[in-house]
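Notes for the one structure printed next.
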Amino acid sequence: MIDSLNKALSAALHSLYDIQINPDDIRLDITRKEFEGDFTFVVFPYLRQSKKGPEHTAQELGEAVVSAVEQLEKYNVVKGFLNLSFKSSVWVDWLTSANITSIRTAHGSPRKIMVEYSSPNTNKPLHLGHVRNNVLGFSICQILQQYGHEVIKVNLINDRGIHICKSMLSYHLFGDGETPESSGLKGDHFVGKYYVLFDVKNREQAAKLVEQGMDPEEAKNNTPLMEQTREWLRKWEEQDSEIRSLWSTMNGWVYDGFHSTYDRMGVSFDKFYHESETYLLGKDLVMEGLSSGELYQKEDGSVWIDLTAEGLDQKILLRSDGTSVYMTQDIGTAQLKYDDYHMDQSVYVVGNEQDYHFQVLKATLKRLGKAYADGVFHMSYGMVELPEGKLKTREGKVVDADDLMDEMYATAKERTNEQGKTDGMEADELNTLYEQLGLGALKYFLLRVDPVKRILFNPAESIDFQGNTGTFIQYTHARCQSILRSISFDGSVTLPDHLEAEERALVAHFHQYDDKLAEAATNFSPAVMANYLYETAKLFNSFYNQHSILKAESENIKQLRILLTQRTAETLRVCGRLLGMEMPERM
RNA sequence: GGCCCGAUAGUUCAACGGAUAGAAUAGAAGUUUCCUAAACUUUAGAUCCAGGUUCGAUUCCUGGUCGGGCUACCA
């Protein structure tokens, strides 16, 4: 539809005003709903060459295009805006034949894309910030896949380091043989408890040192506990069997906990990397860079890269004692990932607090001569904050992921019971429903916001189930299904060639799906799909309230409306899946 | 200090440089003998400030204000 219009506009501009413009470069807007028309062509940019006023120019173009394109019905002009309307029959044909849900590859450049997301530390349970990461990461993978790319979902687990040793030591000293089983705690929460306990004990010890006159900052890092933690880290690195054994045990507990949380959130991975296996990587690459002269060494032996030419700073890559820093291992891991998959693009879903880190990583890889550096992309997103500020596990200022999902479930159950529409549903069906509604509301809440913006979460105000919410979208789907349960589309009936305003709006909206998917995929923005989903539900409800489906004026109108209902449900399911939201049959 | 990001109705969010800046929520007023009222309809309410570019700026540029982040031989 659009193609023929673009061609006609291009031809008309050429023949009327001698303007050369490629059909692909013609820009059409969706006509705003307060005006009549489907697509709008803005003529202002061409006035200089047409040498006529905006209305006159638009008039002439409209005349030419409508007579050239048989599918067009009419046009109207408002100032410099040429609004073009297709014949209703064209829309109906499109609706009948359109394959809304299929995977798109028509953009012509399918790529192999690795997306790293989640990447948790194994010393504490997941909180709301992680939930945003997981939901965003999973969603963008779904979107990229739907757009026709090949996607590899990876999780780089941060399973080693000083913070892991803290929870290990804390458990060793104060655990008294307790286990997740004996305490009835989920594994990750169990380990997290000891991580928090470490901090408590460490503060006590630090306070004593301060009493003895030590500087508070210094004291924190020089307690007996901290000394021992560092000792444990050394032993861990030396493969001390006792330490390693405790480490595997505790990580095992955490993994059990994480896996159940992941399952519940509905996220998954194709590949897990573990820092314990990658933390030594990268040194070789740094040494290569040193010999090729891209890096330099200070007198104390530390190795640096000077990125001032790229507008960044100088960055250390190897300490004077020859050990790695975080950046070193990220360089090594980037290489490992590339060797494993040879992907065209490597996406890191990581919070915006690490914007600088990823600029440096990319620039460094480039300097080291790695062509794949161009494919490195940091999908940065804003932090989730409480009214009092950032989430902080150690200070207990967190919204725990599991607790939050429980609360969402409970609220969903409560609201559903208030509605009283679920009579006759089995207990396990109801359980699934509450889960779908609770998680749906949560995911939509997190995804509808542009990723670059931070999200303020106020625990005092629970996540909504009314208005612009996941629930509204799910409700609309259930509404569609309730109709489609009683009747289905009969393809043998000839459809009408007239559309009511609300019907036309829905069809035109379905037509935007391709553009929206492309926008979401190229901008890495699930929020685009969330908004599209909301619009879909809104338009359907508006249509639904205005026109009866089952009691339509005639059989062919009825069939058209059933088809519209079917398409709506389909769109909600497909786009919902892109956000990781499930659509209930009844609610 | 330097660098990065954000700022839109009371609140939470939209708006490839285009028309009268859209929604939701909170407020006011309506809609159910009829397919799910977790819905629909009506109403009131906003672009941080000052310049600049443009036929046209919430959008792009410059400067400022406010908020957040980064700026470790931490991860």
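Take the conditions (1) loosely packed, with under 12 Cβ neighbours inside 10 Å; (2) assigned to a loop (DSSP other than H, G, I, E, B); A:E418 misses just one of them, which is (2). Residues that are surrounded by 14 or more Cβ atoms within 10 Å (Cβ to Cβ), without any contact (Cβ under 8 Å) to a residue 24 or more places away in the chain, in a helix (DSSP H, G or I) and not β-branched (V, I, T): does region A:394-404 have at least one? The answer is yes, given that some residue of region A:394-404 is surrounded by 14 or more Cβ atoms within 10 Å (Cβ to Cβ), without any contact (Cβ under 8 Å) to a residue 24 or more places away in the chain, in a helix (DSSP H, G or I) and not β-branched (V, I, T). Each residue in region A:466-486 was checked for being under 30 Å from A:N352 (Cα atoms) and under 21 Å from the mean Cα position of the chain (by Cα), and 5 pass. In region A:443-455, the residues that are closer than 17 Å to A:E353 by Cβ reach residues that are among the hydroxyl-bearing types (S, T, Y) and within 10 Å of RNA strand B (Cβ to nearest atom) with C-beta atoms within less than 6 angstrom, at least six apart or across chains, in these pairs: A:P451/A:Y381.
No other residue among A:A537, A:A501 is surrounded by fewer than 20 Cβ atoms within 10 Å (Cβ to Cβ) and not polar (S, T, N, Q) apart from A:A501. Hey, among the residues in region A:161-206 that are touching a residue at least 12 places away in the same chain (Cβ under 8 Å) and of a type in the set (G, A, S), which one's nearest to A:R234 (Cα to Cα)? That would be A:G161. Sub-7 Å Cβ pairs linking a first residue in region A:465-485 that is in contact (Cβ under 8 Å) with a residue 24 or more places away in the chain and not assigned by TED's automatic domain parsing to the domain that holds A:V449 to a second residue that is in a helix (DSSP H, G or I) and within 6 Å of RNA strand B (Cβ to nearest atom), at least 6 apart or interchain, number zero. The selection criterion, being in the same structural domain as A:V452 (by TED's automatic domain parsing) and either over 28 Å from A:V135 (Cα atoms) or within 12 Å of RNA strand B (Cβ to nearest atom) (or both), does not hold for A:L517.
One residue alone among A:L312, A:L285 is within 31 Å of the chain's Cα centre (by Cα) and more than 30 Å from A:E181 (Cα to Cα), and that residue is A:L312. Checked against (1) in a loop (DSSP other than H, G, I, E, B); (2) more than 15 Å from RNA strand B (Cβ to nearest atom), A:D263 passes all but a single condition, namely (1).
Yes/no per residue for (1) polar (S, T, N, Q); (2) assigned to a strand (DSSP E or B); (3) modelled with pLDDT of 95 or more:
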| position | (1), (2), (3) |
| --- | --- |
| A:I140 | no, no, yes |
| A:L156 | no, yes, yes |
| A:S170 | yes, no, yes |
| A:L173 | no, no, yes |
| A:G177 | no, no, no |
| A:V200 | no, no, no |
| A:A219 | no, no, no |
| A:E227 | no, no, no |
| A:R234 | no, no, no |
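Scanning region A:34-65 for residues that are closer than 13 Å to A:N76 by Cα and of a type in the set (S, T, N, Q) turns up A:T40, A:T57, A:Q59. For region A:554-585, the tally of residues that are modelled with pLDDT of 95 or more and part of a loop (DSSP other than H, G, I, E, B) stands at 7. Considering region A:332-391, the residues that are small (G, A, S) and away from RNA strand B (no atom under 16 Å from the Cβ) include one that is surrounded by the fewest Cβ atoms within 10 Å (Cβ to Cβ), namely A:A371.
State whether the residues of region A:542-551 include one that is buried (at least 21 other Cβ atoms within 10 Å of the Cβ) and touching a helix residue (DSSP H, G or I) at 6+ places or on another chain (Cβ under 7 Å). Yes, region A:542-551 contains at least one residue that is buried (at least 21 other Cβ atoms within 10 Å of the Cβ) and touching a helix residue (DSSP H, G or I) at 6+ places or on another chain (Cβ under 7 Å).
Consider region A:443-459 and keep the residues that are part of a loop (DSSP other than H, G, I, E, B) and under 19 Å from A:Y409 (Cβ atoms). The one that is farthest from RNA strand B (Cβ to nearest atom) is A:P459. So A:D300 clears everything in (1) exposed (fewer than 13 other Cβ atoms within 10 Å of the Cβ); (2) closer than 30 Å to A:P110 by Cβ except one condition, right? Which one? Of the numbered conditions (1) exposed (fewer than 13 other Cβ atoms within 10 Å of the Cβ); (2) closer than 30 Å to A:P110 by Cβ, the odd one out for A:D300 is (2).
A:K551 falls short on exactly one of the conditions (1) more than 9 Å from RNA strand B (Cβ to nearest atom); (2) charged (D, E, K, R); (3) at pLDDT below 95, and that condition is (1). Only a single criterion out of (1) touching a helix residue (DSSP H, G or I) at 6+ places or on another chain (Cβ under 9 Å); (2) farther than 30 Å from A:G289 by Cα; (3) hydroxyl-bearing (S, T, Y) is not satisfied by A:T432, namely (1).
Looking at A:H130, A:H149, which one is within 26 Å of A:N202 (Cβ to Cβ) and within 21 Å of the chain's Cα centre (by Cα)? Every option except A:H130 fails the conditions. Listed by position, the helices (runs of 4 or more DSSP H) contained in region A:3-115 that have at least 1 residues being more than 16 Å from RNA strand B (Cβ to nearest atom) are A:54-68, A:88-97. Against the condition touching an Asp or Glu at 6+ places or on another chain (Cβ under 7 Å) and of a type in the set (V, I, T), how does A:T261 come out, does it pass? Spelling it out, A:T261 is indeed touching an Asp or Glu at 6+ places or on another chain (Cβ under 7 Å) and of a type in the set (V, I, T).
Being in contact with a Ser or Thr (Cβ under 8 Å, 6 or more places away or on another chain), of a type in the set (D, E, K, R) and more than 30 Å from A:L446 (Cβ to Cβ) is a description that does not apply to A:K220.
Each residue in region A:299-328 was checked for being part of a strand (DSSP E or B) and either within 7 Å of RNA strand B (Cβ to nearest atom) or free of Cβ contacts under 8 Å to residues at least 60 places away in the same chain (or both), and 9 of them qualify. Just one residue in the set A:G289, A:G252 is in contact (Cβ under 8 Å) with a residue 60 or more places away in the chain, assigned to a helix (DSSP H, G or I) and farther than 30 Å from A:L126 by Cβ; that residue is A:G289. Check whether at least one residue in region A:521-544 is in contact with a Pro (Cβ under 8 Å, 6 or more places away or on another chain), of a type in the set (A, V, I, L, M, F, W, C), within 13 Å of RNA strand B (Cβ to nearest atom) and assigned to a helix (DSSP H, G or I), and report yes or no. Yes, there is a match, as at least one residue in region A:521-544 is in contact with a Pro (Cβ under 8 Å, 6 or more places away or on another chain), of a type in the set (A, V, I, L, M, F, W, C), within 13 Å of RNA strand B (Cβ to nearest atom) and assigned to a helix (DSSP H, G or I). Among residues that are modelled with pLDDT of 90 or more, surrounded by 13 or more Cβ atoms within 10 Å (Cβ to Cβ), near RNA strand B (Cβ under 8 Å from one of its atoms) and among the β-branched types (V, I, T), A:T411 is not included.
The values are calculated or read from the model by the stated rules, or taken from the named source; none is laboratory data. Note that the structure is predicted; figures quoted are calculated from it, not measured. A quick note on method: Cβ atoms are made from the backbone with ideal geometry, for glycine too, and the neighbour counts reach across all protein chains shown.
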